[in-house]
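Before any comments, here is the structure.
The values are calculated or read from the model by the stated rules, or taken from the named source; none is laboratory data. Since this is a predicted model, take the numbers as computed values, not measurements. Neighbour counts are summed over all protein chains in view; Cβ atoms, including those assigned to glycine, are modelled from backbone coordinates with ideal geometry. Each accessible area value is taken on the protein alone, full model and side chains, heavy atoms only, with ligands, DNA and RNA left out. Shrake-Rupley method; radii C 1.70, N 1.55, O 1.52, S 1.80 Å.
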Amino acid sequence: MSFVLFVVRNIVEHGTLSRQTAEEPQTMIRLGINVDHVATVRQARGIDVPDPVEAALLAEKAGADGITVHLREDRRHIQERDVKLLRQRARSKVNLEMAVTPAMVKFAAKLRPDDACFVPEKRQELTTEGGLNVVAHKKKIMDAVARLENRGIHVALFIDAVAAQIECAKEVGAHAIEIHTGTYCNATGTRREKERRAIIAAAQLAHRFGLEVHGGHGLNYENVMPIANIPEMVELNIGHSIIARAVIVGIEQAVREMKQLLARARG
Ligand code: PXP
């Protein structure tokens, strides 16, 4: 694709140049800020502050390329009000993380976020544990992907760095995969490098299939660079570490610091 065509297609599709595709050479990696834990603090008191939408708008001002929210079935942090308001007010990409349930697919089809990311969801978990098993739930996921892609929503599947899951992600028609980086983040020493190599192999395979490659879960200021410098990665979605840092230095500074690391990883 020529550069001019790429520019025109992005402006027509998204009104901006913020989305890159797997086939385009790219230098800077996109940073999606997950603001769920701003809502966690709000929900702890059951009042209306701090507002995750206000945090999202400040994150955008500081250079966030997108905002991610996970509307969980138990509504433990993000609420429907947050997602609807974010859809109206965000200027960057809105990425809705969601379980593959009829109610969530209906909600997303109506709301039309830019992107949706299907994740597994268990009531008892502290945060998302493990990737989606696309192989085991192929038909259900294929139908849900088609429903959202038909509404112009790009669908990513949050999966482990496993070849069979990536092949199946391609078969069900996903636009992207988000590689679960949690195992890498939790590992230390040579084990961490082994996990990183698995992520690299997964990213290369997905790229060969024409899938966009994203990454997320557990990434922080200390462990992000070896993932951000994987050339096939076009987007990282990061939440807890940035919101935790924001409590100390403010969200704009926390976002800027992460952006600087991503820039250095690609420098
Ligand atoms: N990507 C996905 C699919 C997730 O479920 C989460 C957690 O909500 C994240 C990224 C962000 O993870 P963290 O909060 O550990 O940065």
Residue, nearest to Arg42 (Cα to Cα), within segment 237-251, restricted to residues that are of a type in the set (A, V, I, L, M) and away from the ligand (no atom under 12 Å from the Cβ): Val247
Filter result for Lys259 (touching a residue at least 60 places away in the same chain (Cβ under 8 Å), more than 11 Å from the ligand (Cβ to nearest atom) and open to solvent by 20 Å² or more (accessible area, probe 1.4 Å)): yes
All positions within segment 70-85 that are within 13 Å of the ligand (Cβ to nearest atom) and under 17 Å from Val100 (Cβ atoms): His70, Leu71, Arg72
Residue in segment 198-205 that is under 19 Å from Arg266 (Cα atoms), touching a residue at least 12 places away in the same chain (Cβ under 8 Å) and not aliphatic (A, V, I, L, M) present: yes
Positions within segment 47-74 being touching a helix residue (DSSP H, G or I) at 6+ places or on another chain (Cβ under 9 Å), open to solvent by 70 Å² or more (accessible area, probe 1.4 Å) and free of Cβ contacts under 8 Å to residues at least 60 places away in the same chain, in sequence order: Asp48, Val49, Glu54, Glu73
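Could you please give the count of residues in segment 24-52 that are of a type outside the set (Ser, Thr, Tyr) and modelled with pLDDT under 95? Before you say what the answer is, go through the steps one by one.
First pass over segment 24-52, keeping only residues of a type outside the set (Ser, Thr, Tyr): 24-26, 28-39, 41-52.
Remaining after also requiring modelled with pLDDT under 95: 24-26, 28.
Matching residues across segment 24-52 total 4.
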Number of the exception - Ile166 against (1) in contact (Cβ under 8 Å) with a residue 40 or more places away in the chain; (2) touching a strand residue (DSSP E or B) at 6+ places or on another chain (Cβ under 7 Å); (3) outside any helix (DSSP H, G or I): (3)
Number of the condition not met by Gly215 [criteria: (1) in a strand (DSSP E or B); (2) out of contact with any Asp or Glu (no Cβ under 8 Å at 6 or more places or on another chain)]: (2)
Tally of residues being in contact with a helix residue (DSSP H, G or I) (Cβ under 8 Å, 6 or more places away or on another chain), more than 28 Å from Pro50 (Cα to Cα), without any contact (Cβ under 8 Å) to a residue 40 or more places away in the chain and open to solvent by 10 Å² or more (accessible area, probe 1.4 Å) across segment 206-230: 2
